[in-house]
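Please read the structure below before turning to the comments.
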Amino acid sequence: MMGLFLLHHSSFAQVRVPVKIDTSQQKIKVLYNFINAYMQKDTINNEMWHPKYKNRKIHDYTMDWTWGEFTPRQISKRFDIELSELQCINDTLSYFKISTKSKSDKNQNSHCNVYKYYIVKIGDTYYLDNCKEYDSDRFRRYSTKNLEFYISPFYKIEKNKMEAASKVLDTMYSLLKRPNLKKPIAYYMCSSEEELNNLSNIVIWDGGLGGFTNIPEAYVVAINDNPIYTHEFIHAILGQGANCFFLQEGIASLYGGMNKGAISYQKGLEELREGYKTEKYSFDDLYFRKVKQQYSSSLTYTFAAVFCKYLIENYGLDYFYKLYYDPEITSNNFLEMLVKKTGKNKKQLKEAVEKLILKK
């Protein structure tokens, strides 16, 4: 019955297959039809995912925006899709790599990403699964009170440094006034971009990232050999809040610094102050993140941190959390929502933030 269902849907498939993938083999053909069936889905849900994700807040661990914003069918229409690899590991486990190439558009830069997922067979049914469980097998594990370390085989990390990181986390819980998590934060210490990408279902990504936190699942993945990665730990401690750059990245930068801790908030503030005084950039440049690289500039992260410092100093941490966990506040309406919540107008808020930037 499963095979007939998949064959029926594969007639609508838009996934191209290179010559090297032999779909004349029955096993490969069934897997290929399963992938096609998934790419025709008009909703984003865990219907075809491993049963272990049934009650999870998220089912797809991809750090890329594409799969969270578009349904699989929309992706098939917006991008040129090709199945770049399909491998059977054993009778119940396979994996595939699928490339999404942006179609010609004068208004956008072209890009091509390659994603990787596993296919698990349970009984007669096939399910999608994330790469993390399988591609982190070679990582060494070390447990502390607050952190579960998974360390790249290319690193040798001293145990006393990992224990020290766990104690730092105790300090962060007290500083942020949050209850301890029910389980330790998992921290995957990757040695390369390849290791980091593979843990989030990406092989080739037209972007760059030194680390990220899967907030609902409370685990950190980073290209870093430093057991103390406070910025990302803060994301995991605070959990899921509003989809707002200024609040999420702001508080993590305020208390955890930027660039893997190499730039403290104070150091970032000094850089921000100097550029602001010499009019290298304006309030609006920083607010709309039009400085250097739009989403990875320490200047914009520091700017967000200044907003958080203003809110915490003037209204308190409890009030800040009311904003942080308010789902109506987003990156696009942040300033407008602050006007609504605080009663201050935009000019007053701008002047207050500028005062903190320029104050020595």
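Taking the DSSP beta bridges with both ends in the chain, the antiparallel portion is around 75 percent. Considering region 271-333, its Cα convex hull presents a mean projected area of 4.8 nm². Put the Cα centre of region 225-295 next to the Cα centre of region 35-110 and the gap is 31 Å.
The angle between the Cα long axis of helix 346-358 and the main principal axis of the chain comes to about 80°, on a 0 to 90 degree scale. Compared with the alpha-carbon gap, the fully stretched path from S174 to F70 is longer by 33.5 nm at 0.36 nm per residue.
Less than 14 Å apart at the alpha-carbon level, and either on another chain or at least 8 residues along: which aspartates and glutamates does that give for K145? Of all the aspartates and glutamates, those that pass the test against K145 - Cα under 14 Å, at least 8 places apart if same chain - are E163, D170.
Taking a ≥ b ≥ c as the square roots of the Cα gyration tensor eigenvalues, with a/c under 1.5 meaning rounded and otherwise prolate when a/b beats b/c, else oblate, which class fits region 222-360? Judged from the Cα gyration tensor, region 222-360 comes out oblate (a/c at least 1.5, b/c at or above a/b).
Between N314 and E271, the distance separating the two model label sites (each 7 Å from Cα on the Cα→Cβ line) works out to 2.6 nm. Magnitude of the charge dipole for region 92-204, about its Cα centre and with charges confined to Cβ atoms of Lys, Arg (+1) and Asp, Glu (-1), is about 300 debye.
Under the simplified labelling scheme, the Q240-K340 pair shows an inter-label distance of 2.1 nm, with each label point 7 Å from Cα along Cα→Cβ. Among the protein heavy atoms of region 217-360, carbon and sulfur supply 46% of the accessible surface, probe 1.4 Å, non-protein parts ignored. Ordering C88, Y117, T300 by the projection of their Cα atoms onto the charge dipole of the chain, which places +1 on the Cβ of Lys and Arg and -1 on the Cβ of Asp and Glu, puts T300 at the extreme positive end. Taking Cα atoms only, the orientation of helix 26-39 departs from the longest principal axis of the chain by about 40 degrees.
Counting only protein heavy atoms and a probe of 1.4 Å, the accessible surface of region 109-193 is 49% carbon and sulfur. Per residue, region 248-360 exposes 53 Å² of accessible surface when a 1.4 Å probe is rolled over the protein heavy atoms with every protein chain present. Ordered by 1.4 Å accessible area with all protein chains kept, F139, F154 run largest first as F154, F139.
Charged side chains reduced to their Cβ positions (Lys and Arg at +1, Asp and Glu at -1) give the chain a dipole of some 660 debye around its Cα centre.
Projecting the Cα positions of I357, V221, H235 onto the charge dipole of the chain (unit charges on Cβ atoms of Lys, Arg, Asp and Glu, taken about the Cα centre) puts I357 furthest along the positive direction.
Ranked by the mean number of other Cβ atoms within 10 Å of their residues, highest first, the peptides 32-44, 249-261 fall in the order 249-261, 32-44. Peptides 167-177, 185-195 ranked from most to least packed by the mean count of surrounding Cβ atoms within 10 Å: 185-195, 167-177. Spin-label pair E148-N333: with each label point 7 Å from Cα along the Cα-Cβ axis, the two points sit 3.7 nm from one another.
Axis of helix 245-256 versus longest Cα principal axis of the chain: the two differ by about 70°, to the nearest ten degrees. Accessible surface calculations at 1.4 Å, restricted to protein heavy atoms, place region 91-234 at 49 Å² per residue. With the convex hull drawn over the C-alpha atoms of the chain, the volume per residue is 161 Å³. Full extension of the chain between E133 and K350 yields a length gain of 73.5 nm, computed as 0.36 nm times the residue separation minus the alpha carbon distance.
Calculate the dipole size of region 179-229 relative to its Cα centre from +1 charges on Lys and Arg beta carbons and -1 charges on Asp and Glu beta carbons; express the result in debye to the nearest 20. Walk me through the numbers before you get to the answer.
On the way: 2 positive and 6 negative charges, 77 e Å.
With Lys and Arg at +1 and Asp and Glu at -1, about 380 debye.
Amide hydrogen proximity for I263: with H placed 1.01 Å from N in the peptide plane, the residues at 5 or more positions away or on another chain lying under 5 Å are M258.
Taking square-rooted eigenvalues a ≥ b ≥ c of the alpha carbon gyration tensor, is region 145-252 rounded, prolate or oblate, where a/c under 1.5 means rounded and, failing that, a/b exceeding b/c means prolate?
Numbers: a/c = 2.05, a/b = 1.14, b/c = 1.80.
Oblate, since a/c reaches 1.5 and b/c is not below a/b.
How would W65, W49, W205 line up by accessible area, probe 1.4 Å, largest first?
Largest accessible area first, the residues go W65, W205, W49.
The values are calculated or read from the model by the stated rules, or taken from the named source; none is laboratory data. Keep in mind it's a predicted model, so treat the numbers as computed, not measured. Quick reminder, even Gly has a Cβ in these numbers, built from the backbone with ideal geometry, and neighbours come from all protein chains shown. Surface areas here come from the heavy atoms of the whole protein model, side chains and all, with no ligands, DNA or RNA. Shrake-Rupley method; radii C 1.70, N 1.55, O 1.52, S 1.80 Å.
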